[in-house]
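Asker: Attaching a single structure in structure tokens format; questions to follow.
Read the figures in this text as sums done on the coordinates, not as results from a lab. Source: prediction; values computed, not measured. Heads up, the Cβs are rebuilt from the backbone with ideal geometry, glycines too, and the neighbour counts pull from every protein chain shown.
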Amino acid sequence: MRNLIIQAFLSILLFQYTNFQTKSDVIQPVEPVIDNGILTLKLDLTRGGAISYLSLSGSARSVVNIADEGRYIQQSYYAGKSLDRKAEGQSPNWSPWTWNPIQVGDAFRNRAKILAFQKKENELYVKCIPMQWDMNNHPAEAEMEQWTTLEGSVLKVRNRLTCHRTDQLYGDSILNDQELPAVYPISALKNLYIYTGKAPFTNAPLDNPAVIKLSSGFWGIYPDVPEHWMAFTDENGWGMGVYNPKCDKFLAGMSGSPGKEAADGSTSYIAPVRKETLYKNCVYEYEYYILIGTIPEIRSKVYQLNQGEN
């Protein structure tokens, strides 16, 4: 009898150990990391898997602002007409507003739910249920997917939105400007560079316009960007560029003051923009690139990418 009791006890321990090992195997890190020796990338799985950290390898200084759920480098889309839904809990600061699924979370700091995550050698994949930005804890009737790959000093990202809306509120078949994507560099990257001339991809001189402050009423609007990129740099000419080959219109500017870092309220902002109609049932997909380096390095990489696409 004693042997049977001991055997049963050992079986229970073995089951508990095996069960513990199985559970540990599926637990994922909160901030999965890829480091290719040039850049270090992190996603935040508590915030929809958005890009939360990007630095030079070996550096502890990220160039991505993460002060609130509206920052990061993340997916954000607009569909339908703007509505006043304050009676239903809409933020007064964001009313009236369109249907606006956000990868990280909403204005009330409720966060997106992760549905899937995978890590390969140099690629991270996430899938989440986004939140409606203006509403308090309203998951959007949609899923967002993101494939993020490090290729040298370039971050290549493929985004996909799958909509299956059942609401009768916002309407359908309405054309809206889309942020493709929304990018928030730290405001220490304070100098804006862009090409707006008539001879793209010829290394013609760049523009270095004054940065528009959000306090003036809106971001700066740049309707003709024929090289499809712009960048913010520090005083040494080093920084972050954003390239989307589908977009020749950009928004850019600064909220707050220059010289601030990842957790500070001040931030820079870049968004390649394109008008698209996101139907209630649709799939929308695009690719973009984040480039780290000096302006000549960023522009050279953009030219290489452009040649590969043509």
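Asker: Please compute the length gained on full extension between Phe108 and Arg61, using 0.36 nm multiplied by the number of residues separating them and subtracting their Cα-Cα distance. Provide the component values of the computation, followed by the final result.
Answerer: Details: separation 47, 0.36 × 47 = 16.92 nm, distance 2.74 nm.
Between Phe108 and Arg61, full extension yields an extra 14.2 nm.
Asker: Kindly identify the stretch 245-310 as rounded, prolate or oblate by the Cα gyration tensor criterion: order the square roots of the eigenvalues as a ≥ b ≥ c, call it rounded if a/c is under 1.5, otherwise compare a/b with b/c, prolate if a/b is larger, else oblate.
Answerer: Because a/c hits 1.5 or more and a/b fails to exceed b/c, the stretch 245-310 counts as oblate.
Asker: Can you tell me which of 155-168, 172-185 comes out highest on packing, and rank the rest after it, using the mean Cβ neighbours within 10 Å?
Answerer: Descending packing order for the listed peptides: 172-185, 155-168.
Asker: Can you put Trp99, Trp238 in order, fewest other beta carbons within 10 Å first?
Answerer: The fewest-first ordering by Cβ neighbours comes to Trp238, Trp99.
Asker: Continuing with the same structure: Tell me whether the stretch 79-218 comes out rounded, prolate or oblate; compute the Cα gyration tensor, take square roots of the eigenvalues as a ≥ b ≥ c, and use a/c under 1.5 as the rounded threshold. Walk me through the numbers on the way to the answer.
Answerer: Details: a/c = 1.99, a/b = 1.31, b/c = 1.52.
Oblate, since a/c reaches 1.5 and b/c is not below a/b.
Asker: Among Phe250, Phe117, rank each residue by its count of other Cβ atoms within 10 Å, from fewest to most, as a rough exposure measure.
Answerer: Exposure proxy ranking, most exposed first: Phe117, Phe250.
Asker: Okay, moving on. As I understand it, the value is the acute angle between the Cα axis of helix 295-309 and the longest principal axis of the Cα atoms of the chain; what does it come to in degrees, rounded to 10?
Answerer: It is inclined by approximately 80 degrees.
Asker: Please list, or write none, the lysines whose alpha carbon is within less than 18 Å of the alpha carbon of Lys113, excluding same-chain residues fewer than 8 places away.
Answerer: Lys42, Lys127
Asker: Further question on the same structure: Points 7 angstrom from Cα along the Cβ direction at Thr46 and Glu297: gap in nanometres?
Answerer: For the pair Thr46/Glu297, the computed spacing is 3.2 nm.
Asker: Oh, and also: Could you list which residues have their amide H under 5 Å from that of Leu39, counting only those 5 or more apart in sequence or on another chain, with H placed in the peptide plane?
Answerer: Ser57
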